[in-house]
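Colleague: Submitted below is the structure of interest, expressed as C-alpha cells.
The values are calculated or read from the model by the stated rules, or taken from the named source; none is laboratory data. This one's a predicted model, so the numbers in the text were calculated from it and none came from an experiment. Virtual Cβ from ideal backbone geometry, glycine too; neighbours counted across all protein chains shown.
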Amino acid sequence: MNLRPLMFLAVLAAATLAHAAEKAAPGLPPNMTTYFFCLLTKGPNSGAGTPEERQKIQAAHLANITRLHGAGKLLVAGPFMDNGNWRGLFIFKCATLEEAQALAASDPAVQAGRLAVEIHPWLTQQGNILDPEFPVPPAAAKP
C-alpha cells in the first residue's frame, strides 16, 4: 500500500493548523518574511519513459503548478532554459519547511523521479516578490 498520499495529507493538515505567525522567524524586522525556495534538479528518471509518458507527466506537472498557484501556495515557478542539471524553481508561501516539502512532493514529475527537489527557507523584505499579502508600497512601485 502506498502511504505517500496519506502522509502528504497528514503533513498538509498539520501545516494548515499551524499558526499564521510562523511566517517570519522571531526577532526579525516586521517588514521581513520567509518563503521557501525550491530548486528543481534532474531526477534519477529524468529521461525515462516514452515521449507520450513524458508528455503526460509534464501536463500533470503543469496542472499541479496551476493548482498550487491558485491555492496561493506557489508564488513563482519556471524552468531554467540552459538544459543543465538545474531544471527549474518554485517559491512557496507556506508556514513550515515540512509544508513546503509536502507541496513539492505533490508534483507528478517529482513523484515520477523526473525531478528532484532541494528546499531552503528564504528571507526577504515584504514586497520584494509579488505576494498579495504584502503589496508593493506606492513609492517603490513608481519607476
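Colleague: Taking residue 87, is it modelled with pLDDT of 95 or more, among the basic types (Lys, Arg), under 17 Å from the mean Cα position of the chain (by Cα) and part of a helix (DSSP H, G or I)?
Modeller: Answer is no for this residue.
Colleague: Out of all the residues in segment 94-136, which are assigned to a loop (DSSP other than H, G, I, E, B), surrounded by 15 or more Cβ atoms within 10 Å (Cβ to Cβ) and hydrophobic (A, V, I, L, M, F, W, C)?
Modeller: Correct list: 94, 95, 112, 129, 134.
Here's the yes/no breakdown for (1) surrounded by 12 or more Cβ atoms within 10 Å (Cβ to Cβ); (2) hydrophobic (A, V, I, L, M, F, W, C):
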| site | (1), (2) |
| --- | --- |
| 29 | no, no |
| 33 | yes, no |
| 41 | yes, no |
| 48 | yes, yes |
| 55 | no, no |
| 58 | yes, no |
| 61 | yes, no |
| 65 | yes, yes |
